[in-house]
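Comments concern the structure below.
The values are calculated or read from the model by the stated rules, or taken from the named source; none is laboratory data. As the structure is a prediction and not an experimental result, all values here were calculated from the model. Cβ placement follows ideal geometry from the backbone for every residue including glycine, while neighbour counts extend to all protein chains displayed.
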Amino acid sequence: MTAAALNTQAPTGKAATPALTPAQTSAHTQAQALDGWLPERATDGQDPAWVETLRSAAAERARALGLPTRKNEGWRYTGLQALLQQGFAPVSEALEALQPEDIEDLLLPDLDAYRVVMVNGYFAPALSALDGLPNGVVLGGLHTTLTETPDLLADSLGEVAGDGAHLFSALNTATLSDGMVLLAERGVLLDKPVELLHLSVGTESPGVAQPRHLVRLGEGARGTLIERYASLGDATYCNNALIELDLGHDSVLEHRRLQLESPNAFHVSGVYLRQGTSSRYDAINIGLGGRWARTDIITRFAGEHAECDLQGLYLAGDGQLIDYHLDVRHALPHCSSRENFKGIVHGKGKAVFDGLVYVARDAQQTDAAMSNRNLLLSQNAEIDTKPQLEIYADDVKCSHGTTVGQIEPEMLFYLRSRGIAEGLARRMLCLGFAGEIIGALGIEPLAEHVSEVVGQRLEHAPL
Amino acid sequence: MSATPDDVRTADNPAAASAGDASAEYDHLVQSEYEHGFVTQIESDTLPPGLDESVIATISQRKGEPQWMLDWRLAAYRKWLEMPTPEWAAVHHPPIDFQAVSYFSAPKRKELKSLDEVDPLLLETYEKLGIPIEEQKALAGVAVDAVFDSVSVATTFREKLAEAGVIFCSISEAVQEYPELVQKHLGTVVPQTDNFYAGLNSAVFTDGTFVYVPKNTRCPMELSTYFRINEAKTGQFERTLIVADEGSYVSYLEGCTAPQRDENQLHAAVVELIAMDNAEIKYSTVQNWYPGDEEGRGGIYNFVTKRGDCRGVNSKISWTQVETGSAITWKYPSCILRGDNSVGEFYSVAVTKGRQQADTGTKMIHLGRNTSSTIVSKGISAQHGIQSYRGLVRIAAKAEGARNHTQCDSLLIGDKCAANTFPYIEVKNPGAKMEHEATTSKISDDQLFYCRSRGLSEEDAVSMIVNGFCKEVFNELPMEFAVEAQKLLSISLEGAVG
């Protein structure tokens, strides 16, 4: 039904059939809400044919997929109602008025990094800092690369994400135009981290930005990517970002993601990862901001002996929804993965965690451990967690563990008996809980920043 | 699942190849015929296959049911017609033609006053199964309401139970004799529209058990029903309703075997448990239905809805199950923890081998304050077996102080089987404490080596390790069942190791 609703070519008479129930009719109108996210024409005639094919195939897929409903397993706990009500329209052009001074407050002092800034989904060279890149590294905007040297992208762009996990990925591919490109040739060691800053500025009518990024590390290359989402003011907007990570043989990528969007922001992001033989991916996802945030992390192994380490911390407060979906598919033997996510939910916040570890029949000697621990601090908070294992090989070591609880009264009592006020004691315990993940961030200025934001949040949170 | 990738693989994977040789050694064991596979020749009064309102009316009429019962069935049937077949479970089977199933089958001679009048053939069947009723009667402590196909033919120990005030009879009898009790409770835990198979069961259920334990009564013995599916092409639609009134206790055992048949036999039972204030119900199941031949043909489809309602304060419902049979098992014994301080437990051992598929687990719905639940699920998957644990723990906003502990472990034997875990955890109360852990592994080589170096055969070693793996659950079973279950497990795994 939703498929037909999204499909503009569906016979128009269909919507008028009396068989439609009121619920169906409303779904129909909602589906059209995202129809506007698709480009009017899949092609602008300037890009190579394979890019155009990629876009039009994705547009077709988006129409066929339709809006996910709560009956769809991946969206069981994540309603789209609030997002649809906003009537987001695509941001059509780059905002060029911003000056480097305007974003100074948002930069991390002491962070020495190459910087790529996206403003409302478009690459802003004036705000970026790309000087002094080592040889063998391409770092810049996707649009420029597509226009000037599209062949550089041919084997990776759209290949890693494939058909994507859901409608939003398809929509992103269908509108693919700008974003960041980071390509490192064989053996390159990036001397400094690369910071990818998504900056969102309010527009007259609430807009949706759909940046598309690609990171490819050649054999033995190493790098660090810090991906941040921030906004100027309390703007209402939507980000539908997608990043493809293509890790070659023996390469190592450290990925730090910090989502600190405005309290009115909607956030959808997809991380698609392809790991070559003996590559290592080490990611920490911090989800603090936004009103409604959904992140999908999808890992596929393309070679044996690869390691994938996913960690995360989320803090959902009043009116917030933070949703992480992990999908790690072990299709080859001797790979290992670790998923460790921790969450604190307070106020009327809601958090969703859905992790799937899939071990295919031939993936012997797989080592996978998933853990999801949650602190539920208030009466109206809610956590829905679903750690899943699907195992088709026998010589494996797989486990998962989940806990949901509150602060241990004994611990609280201990601190209070040492003369620490209850509020402070609770904060200390929460920070201690979150400390494991924050401490693992490894990049000092970033860790300090996160720790400060988490501390502030807990101070104001009615615990 | 297709077998081709494995065959290709064994050639270039020495580990897999040697495993193949080892399993060939046990082939004679794997191929041993199903122990309980025999068909008793008794004339049956069977309705032709098919289902419509007149079939339901006929069933109701043959059972001499009052009008309200017929209305209830018809209401369920009409709702069922609108329900889609569930497809979410991780099981695969050809679509079931519900019109090809016969919905009623009863052994012809009825109205028996004592065991002497029971068809000797029937009695012999029970003897073959190792539970002769005469012996059962003599064996203190167990009353058997034997269900042969769809009509109860023998009920024992009725007098002793009656003395205590416990009602233990077939559900058809209960509809006649205790209509007010049945009408009051039937469908209150599993409503007609609960799910597709519960809907079907509500429309056509032909027999089952009814237990009522009055206030402050401890049921003097363990109650047990032996289910059997005998007539070819007959779906078995059991309906069990157990009501434990305030302060009472009852332990109920359910065990199953079925004769070998080539056609898939559909079984869609509904079990409803109701525990009032301070009452406790313990429900144990050993299920060993025909799992089909090596290719999975002809096994039983077991689509069961089991749910307990802890309605009163301090009530407790405990499910223990040992599942070794059926081609497909689709079963989630659940507890609704409504009363404050109520307790729900779920202990399960499930074995899948050959082409068996099991999608099983539990739901613990915490509504009352200080409710607690424990889930221990042990899955053993061998050969081409597919096994999924699917569980839900929901802690509602008002369930202050709720507590849940879940542990699900899977043991994989062989490289062609599968074990899945799909837990759903929904918590809305900060005072709740919820823990879930799951592991999946194979029998460790070290353990095997240790046992073998002590002179145990590989088979014995595996059996020993597996029994240890399941011990936590077996401990929850009543004595007789525990022994039977361990034996069953060893028999089930014979030949599956290698």
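Working carefully through the options A:Asp362, A:Asp354, A:Asp327, A:Asp323, find the one that is part of a strand (DSSP E or B) and either β-branched (Val, Ile, Thr) or within 23 Å of A:Glu159 (Cβ to Cβ) (or both). Walk me through how you get there before you give the answer.
Numbers: A:Asp362 fails: part of a strand (DSSP E or B); A:Asp354 fails: either β-branched (Val, Ile, Thr) or within 23 Å of A:Glu159 (Cβ to Cβ) (or both); A:Asp323 fails: either β-branched (Val, Ile, Thr) or within 23 Å of A:Glu159 (Cβ to Cβ) (or both).
It is A:Asp327.
From the list A:Leu415, A:Leu389, which one is outside the structural domain of A:Val359 (by TED's automatic domain parsing) and on the phi < 0 side of the Ramachandran plot?
A:Leu415
A quick yes/no check of all residues on (1) loosely packed, with under 14 Cβ neighbours inside 10 Å; (2) at the interface with another protein chain (Cβ under 9 Å from one of its Cβ atoms); (3) among the small types (Gly, Ala, Ser); (4) in contact with a Pro (Cβ under 6 Å, 6 or more places away or on another chain):
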position	(1), (2), (3), (4)
B:Gly431	no, yes, yes, no
B:Met434	no, yes, no, no
B:Glu437	no, yes, no, no
B:Asp446	yes, no, no, no
B:Arg454	yes, no, no, no
B:Ser463	no, no, yes, no
B:Gly468	yes, no, yes, no
B:Glu472	no, no, no, no
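Filtering segment A:363-390 down to residues that are more than 17 Å from A:Lys342 (Cβ to Cβ) and among the acidic types (Asp, Glu), which residue is farthest from the other protein chains (Cβ to nearest Cβ)?
Here the answer is A:Asp367.
Answer yes or no as to whether A:Asp191 is assigned by TED's automatic domain parsing to the domain that holds A:Gly303, buried (at least 19 other Cβ atoms within 10 Å of the Cβ), farther than 23 Å from A:Leu95 by Cα and not hydrophobic (A, V, I, L, M, F, W, C). Spell out the reasoning first.
Numbers: assigned by TED's automatic domain parsing to the domain that holds A:Gly303: yes; buried (at least 19 other Cβ atoms within 10 Å of the Cβ): no; farther than 23 Å from A:Leu95 by Cα: yes; not hydrophobic (A, V, I, L, M, F, W, C): yes.
Spelling it out, it is not the case that A:Asp191 is assigned by TED's automatic domain parsing to the domain that holds A:Gly303, buried (at least 19 other Cβ atoms within 10 Å of the Cβ), farther than 23 Å from A:Leu95 by Cα and not hydrophobic (A, V, I, L, M, F, W, C).
Mind checking which pairs have a first residue in segment A:274-295 that is closer than 15 Å to A:Lys350 by Cβ and a second that is β-branched (Val, Ile, Thr) and in a strand (DSSP E or B), Cβ under 8 Å, 6 or more apart or different chains?
These pairs meet every condition: A:Gly287/A:Thr295; A:Gly287/A:Ile322; A:Gly290/A:Ile322; A:Ala293/A:Val268; A:Ala293/A:Ile322; A:Arg294/A:Val268; A:Thr295/A:Val268; A:Thr295/A:Val271.
Regarding segment A:259-280, can at least one residue be identified that is of a type in the set (S, T, N, Q), closer than 22 Å to A:His143 by Cβ, buried (at least 24 other Cβ atoms within 10 Å of the Cβ) and modelled with pLDDT under 95? Before you say what the answer is, go through the steps one by one.
First pass over segment A:259-280, keeping only residues of a type in the set (S, T, N, Q): A:259, A:262, A:264, A:269, A:275, A:277-279.
Checking which are closer than 22 Å to A:His143 by Cβ leaves us with A:269.
So of that shortlist, the ones also buried (at least 24 other Cβ atoms within 10 Å of the Cβ) come out as A:269.
From the residues that got through so far, the ones that are modelled with pLDDT under 95 too are none.
Looking through segment A:259-280, none of the residues is of a type in the set (S, T, N, Q), closer than 22 Å to A:His143 by Cβ, buried (at least 24 other Cβ atoms within 10 Å of the Cβ) and modelled with pLDDT under 95.
Output the residues belonging to segment B:368-405 that are within 20 Å of the chain's Cα centre (by Cα) and among the β-branched types (Val, Ile, Thr).
B:Thr374, B:Ile375, B:Val376, B:Ile380, B:Ile386
Is there a residue being under 24 Å from A:Ala283 (Cβ atoms), in contact with an Asp or Glu (Cβ under 8 Å, 6 or more places away or on another chain) and in contact (Cβ under 8 Å) with a residue 40 or more places away in the chain anywhere in segment A:421-442?
Yes: segment A:421-442 contains one or more residues that are under 24 Å from A:Ala283 (Cβ atoms), in contact with an Asp or Glu (Cβ under 8 Å, 6 or more places away or on another chain) and in contact (Cβ under 8 Å) with a residue 40 or more places away in the chain.
Which of the residues spanning segment A:391-411 are among the hydrophobic types (A, V, I, L, M, F, W, C) and more than 7 Å from chain B (Cβ to nearest Cβ)? I'd like the intermediate steps shown before the answer.
Going residue by residue through segment A:391-411, those that are among the hydrophobic types (A, V, I, L, M, F, W, C) are A:391, A:393, A:396, A:398, A:404, A:407, A:411.
Answer for segment A:391-411, where residues must be among the hydrophobic types (A, V, I, L, M, F, W, C) and more than 7 Å from chain B (Cβ to nearest Cβ): A:Ile407, A:Met411.
Those residues that are under 13 Å from A:Tyr114 (Cα atoms) and in contact with a Lys or Arg (Cβ under 6 Å, 6 or more places away or on another chain), I need them from segment A:179-234; list them, please.
Across segment A:179-234, the qualifying residues are A:Glu195, A:Leu197, A:Ile226, A:Glu227.
Among the residues that make up segment A:302-311, is at least one of them surrounded by 22 or more Cβ atoms within 10 Å (Cβ to Cβ) and either within 14 Å of chain B (Cβ to nearest Cβ) or under 24 Å from A:Cys238 (Cβ atoms) (or both)?
We begin by selecting, within segment A:302-311, every residue surrounded by 22 or more Cβ atoms within 10 Å (Cβ to Cβ); these are A:306, A:308, A:310.
Narrowing the set further to residues that are either within 14 Å of chain B (Cβ to nearest Cβ) or under 24 Å from A:Cys238 (Cβ atoms) (or both) leaves none.
No: segment A:302-311 contains no residue that is surrounded by 22 or more Cβ atoms within 10 Å (Cβ to Cβ) and either within 14 Å of chain B (Cβ to nearest Cβ) or under 24 Å from A:Cys238 (Cβ atoms) (or both).
Out of (1) touching a helix residue (DSSP H, G or I) at 6+ places or on another chain (Cβ under 8 Å); (2) closer than 30 Å to B:Gly391 by Cα, what's the single condition that is false for A:Arg416?
(2)
Check whether at least one residue in segment A:219-227 is in a strand (DSSP E or B), among the hydroxyl-bearing types (Ser, Thr, Tyr) and surrounded by 22 or more Cβ atoms within 10 Å (Cβ to Cβ), and report yes or no. It would help to see each step written out before you state the result.
Quick first cut of segment A:219-227, residues in a strand (DSSP E or B) only: A:222-227.
Keeping just the survivors that are among the hydroxyl-bearing types (Ser, Thr, Tyr) gives A:224.
Those left that are additionally surrounded by 22 or more Cβ atoms within 10 Å (Cβ to Cβ): none.
Checked against the condition, which is being in a strand (DSSP E or B), among the hydroxyl-bearing types (Ser, Thr, Tyr) and surrounded by 22 or more Cβ atoms within 10 Å (Cβ to Cβ), segment A:219-227 yields no hits at all.
If you go through segment A:142-162 one residue at a time, how many are in a helix (DSSP H, G or I) and surrounded by fewer than 21 Cβ atoms within 10 Å (Cβ to Cβ)?
Let us first name the residues in segment A:142-162 that are in a helix (DSSP H, G or I), namely A:142-148, A:150-153.
If we keep only those that are surrounded by fewer than 21 Cβ atoms within 10 Å (Cβ to Cβ) too, we end up with A:143-144, A:147-148, A:150-152.
The number of residues fulfilling the criteria is 7.
I'd like to verify a number: residues in segment A:369-396 that are part of a loop (DSSP other than H, G, I, E, B) and of a type in the set (Gly, Ala, Ser), how many?
Step one: filter segment A:369-396 for residues part of a loop (DSSP other than H, G, I, E, B), giving A:377-381, A:392-396.
From what is left, the residues that are of a type in the set (Gly, Ala, Ser) are A:378, A:381, A:393.
Within segment A:369-396, residues that are part of a loop (DSSP other than H, G, I, E, B) and of a type in the set (Gly, Ala, Ser) number 3.
Would you mind stating whether B:Glu65 is outside any helix (DSSP H, G or I) and modelled with pLDDT of 80 or more? Spell out the reasoning first.
Values: outside any helix (DSSP H, G or I): yes; modelled with pLDDT of 80 or more: yes.
Answer is yes for this residue.
When you go through A:Leu95, A:Leu139, A:Leu111, A:Leu83 one by one, which is the residue that is in a helix (DSSP H, G or I) and either in contact (Cβ under 8 Å) with a residue 24 or more places away in the chain or over 22 Å from A:Asp191 (Cα atoms) (or both)? Break it down stepwise before answering.
On the way: A:Leu95 fails: in a helix (DSSP H, G or I); A:Leu139 fails: in a helix (DSSP H, G or I); A:Leu111 fails: in a helix (DSSP H, G or I).
After applying the criteria, what remains is A:Leu83.
Please return the ranges of helices (runs of 4 or more DSSP H) entirely within segment A:406-463 where 3 or more residues are modelled with pLDDT of 90 or more and over 25 Å from the mean Cα position of the chain (by Cα). Lay out the reasoning, then the answer.
Details: elements: A:409-417, A:422-440, A:444-460.
Of the helices (runs of 4 or more DSSP H) lying wholly inside segment A:406-463, those with at least 3 residues that are modelled with pLDDT of 90 or more and over 25 Å from the mean Cα position of the chain (by Cα) span A:409-417, A:422-440.
Within segment B:345-382, work out how many residues are more than 11 Å from chain A (Cβ to nearest Cβ) and in contact with a helix residue (DSSP H, G or I) (Cβ under 9 Å, 6 or more places away or on another chain).
Going residue by residue through segment B:345-382, those that are more than 11 Å from chain A (Cβ to nearest Cβ) are B:345-378, B:380.
Narrowing further to those that are in contact with a helix residue (DSSP H, G or I) (Cβ under 9 Å, 6 or more places away or on another chain): B:347-349, B:351, B:353-354, B:376-378, B:380.
Result for segment B:345-382: 10.
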